[in-house]
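**Student:** Quick one: structure below, then a few questions.
The values are calculated or read from the model by the stated rules, or taken from the named source; none is laboratory data. Quantities reported herein were computed from a predicted structural model and do not represent experimental measurements. A quick note on method: Cβ atoms are made from the backbone with ideal geometry, for glycine too, and the neighbour counts reach across all protein chains shown. Ligands, DNA and RNA are stripped out before the accessible areas are found, and what is left, the full protein with its side chains, is counted by its heavy atoms. Shrake-Rupley method; radii C 1.70, N 1.55, O 1.52, S 1.80 Å.
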Amino acid sequence: MRRALVPAAVVVAVLAAGCGTTDSHGGAPNAGGPLRGLAQRAGIAIGTAVDAGALSRDDGYRAELPREFSSVTPENAMKWAALEPERGKPDWAGADALVDFAGAHRMRVRGHTLVWYSQNPDWLTGGNFSRAELVGLLRAHIAAVVGRYRGRVGTWDVVNEPIADSGSGLRDSIWSQVIGPDYIATALRAARAADPQAKLFINETAADGIGPKSDALYALVKGLLAGHVPLDGVGFQMHAELAHGLVPGVRRNFRRFAALGLEVNVTEADVAVKLPATAADRGRQGEIYREMLDDCLAVRACRSFTVWGFTDRYSWIPTGEPGFGAATLLDDNLDPKPAYDAVARALRDDAR
Ligand code: G3I
């Protein structure tokens, strides 16, 4: 076992609950899930993004979720457009349902996300607000959302995808344009004030390896820490595509962020496959998932590994990246793919 975080009694209970050879998927071969027990033995959280619609109506999905995962991230339900489609008329239904479900199944919740360039309500993006007004709206939003889930959402992706894809400066958004670079510190401070116990993260895409974008992220984070802005960790999304595999330097990158005293999490792992996916594709996909997880397990500060959806039945990839799909651990029938076995094996090997 990599870390002595799990009391022996818990390990015994987890083993008794079936993390050895029992197949949790109705007969298909696997490498000894459920993942949740294996991850606990390895000393990390294993998470997934959750589709609020699926959670409300798909019994198979609802059954699989807490068996396999110890952490959930709302895929869309906590984004500003979902929470406040009309100004001053919040709709907490989807987010509440997920937080309640997680509580009932002793799962952690990763709140996603408080400030982003995308999925903001039209009244916000089209409101022509002044800088002072926008700062006020951002602070009030964060106070309301983080305050509502205080003590129940343990980690927040406070700022999502702040760096420009080129790596030269901040991404253009209503926040960077109207408020300026300070919007990041403003958001983090507001989140800390609303729940001093919650872990606060910046979550970034396409910054997994070493390169201009992760260099810019590193500089940003270093500056925030130097200015005593509250920040506990950095999330690396790790959306990958089968044909390209992983970018080089992931471990080195994780380690330099960890050396700043930060937690490192993998937050949105998936591996998109050009359709139709062949058996060879599925095998190679498993290898990529394993590399991702091994990169996390190799770095002590990497304490959580989240996949962006766990079944091809609900993955965002076919609509988000037309022509691609089959990106997750379980197929449309919720049966395990080689990727599931690869993740289970990586956890089991580490936990030995
Ligand atoms: O909410 C509307 C609904 O009212 C409408 O009827 C429906 C019709 O298509 O669309 C709904 O909005 C969709 C939304 O998901 C909620 O389901 C959007 O069209 C769709 O574009 C949106 O996609 C989400 C995407 O973020 C938006 O950028 C994906 O589900 C979600 O997986 C994805 O997640 C992001 C992370 O938050 C950040 N990192 C990248 C990742 C993948 O893009």
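**Student:** Count the lysine pairs in the chain whose Cα atoms lie under 29 Å apart, taking only pairs 8 or more positions apart in sequence or on different chains.
**Tutor:** For the chain, qualifying lysine pairs total 11.
**Student:** On to the next question. Given only helices, namely DSSP H runs of n ≥ 4 each adding -39500 (n - 2.57), what is the per-residue ellipticity at 222 nm of the chain, to the nearest 500 deg cm²/dmol? Don't skip to the end; give the middle numbers.
**Tutor:** Working: 14 runs with 144 residues, N = 352.
-12000 deg cm²/dmol, from helical runs alone.
**Student:** On to the next question. Between helix 131-148 and the chain, what is the angle of the helix's C-alpha long axis to the longest principal axis, kept within 0 to 90° and rounded to the nearest 10?
**Tutor:** In the chain, helix 131-148 runs at an angle near 40 degrees to the longest axis.
**Student:** May I ask for the equivalent-ellipsoid semi-axes of the chain, computed as the square root of five times each C-alpha gyration tensor eigenvalue and listed largest first in whole Å? Could you put the intermediate results ahead of the total?
**Tutor:** Values: eigenvalues 202, 95, 85 Å².
Over the Cα atoms of the chain, the semi-axes work out to 32, 22, 21 Å.
**Student:** Here is a further query. For LEU330, what charge total do you get from the other residues with a beta carbon under 9 Å from its beta carbon, if Lys and Arg give +1 and Asp and Glu give -1? Don't skip to the answer; put the middle values down first.
**Tutor:** Values: positive: ARG313, LYS337; negative: GLU64, GLU68, ASP312, ASP331, ASP332, ASP335.
Value of the local net charge: -4.
**Student:** Dipole of the chain, Cα-centred, from +1 at each Lys and Arg C-beta and -1 at each Asp and Glu C-beta, to the nearest 20 debye?
**Tutor:** On the way: 39 positive and 41 negative charges, 275 e Å.
So the magnitude is around 1320 debye.
**Student:** Of VAL247, VAL178, VAL273, which has the most accessible area with a 1.4 Å probe, and how do the rest follow in descending order?
**Tutor:** Values: VAL247 75, VAL178 50, VAL273 0 Å².
Largest to smallest exposure gives the sequence VAL247, VAL178, VAL273.
**Student:** Name the residue from GLY37, PRO322, LEU246 whose Cα lies farthest towards the positive end of the charge dipole of the chain, charges +1 on Cβ of Lys and Arg and -1 on Cβ of Asp and Glu.
**Tutor:** GLY37
**Student:** Quick check: residue separation of ASN128 and ARG171 times 0.36 nm, minus the Cα distance between them. What number comes out in nm?
**Tutor:** Values: separation 43, 0.36 × 43 = 15.48 nm, distance 1.92 nm.
This chain segment gains 13.6 nm when fully extended.
**Student:** Defining a contact as two alpha carbons under 8 Å apart and six or more residues distant in sequence, what relative contact order in percent does the stretch 33-349 show?
**Tutor:** 17 percent
**Student:** Compare GLU84, GLU321, GLU268 by solvent-accessible area with a 1.4 Å probe and give them largest first, with all protein chains kept in place. Please list the in-between numbers first.
**Tutor:** Numbers: GLU84 35, GLU321 60, GLU268 10 Å².
Correct descending sequence by accessible area is GLU321, GLU84, GLU268.
**Student:** I need the phi-derived Karplus couplings for the stretch 107-123: 6.51 cos²θ - 1.76 cosθ + 1.60, θ = phi - 60°, integer Hz, Gly and Pro marked x.
**Tutor:** Computed from phi, the couplings for the stretch 107-123 are 9, 6, 10, 9, x, 8, 9, 8, 9, 8, 7, 10, 6, 9, x, 4, 4 Hz.
**Student:** Here is a follow-up. Given a 1.4 Å probe and heavy atoms of the protein chains only, how would you sort ARG139, ARG303, largest accessible area at the top? All intermediate terms of the calculation are to be shown ahead of the outcome.
**Tutor:** Numbers: ARG139 130, ARG303 100 Å².
Ranked list, largest accessible area first: ARG139, ARG303.
**Student:** Collect residues whose amide H, placed 1.01 Å from N in the peptide plane, falls under 5 Å from the amide H of LEU262; neighbours closer than 5 in sequence don't count.
**Tutor:** The answer is none.
**Student:** Cα axis of helix 93-104 to longest principal axis of the chain: angle in degrees, 0 to 90, nearest 10?
**Tutor:** With rounding to tens, the tilt is 50 degrees.
**Student:** What is the angle, in °, between the Cα long axis of helix 338-351 and the longest principal axis of the Cα atoms in the chain? Nearest 10 is fine, range 0 to 90.
**Tutor:** 90 degrees
**Student:** For GLU291, what accessible area in Å² do you get when you roll a 1.4 Å probe over the heavy atoms of the protein chains, rounding to the nearest 10?
**Tutor:** Roughly 80 Å² of GLU291 is accessible to a 1.4 Å probe.
**Student:** So, counting K/R as plus one and D/E as minus one, what does the shell of residues with Cβ under 12 Å around GLN285 add up to? Present the calculation step by step, with values, prior to reporting the outcome.
**Tutor:** On the way: positive: LYS274, ARG282, ARG284, ARG290, LYS337; negative: GLU241, ASP270, ASP281, GLU287, GLU291, ASP312, ASP331, ASP341.
That works out to -3.
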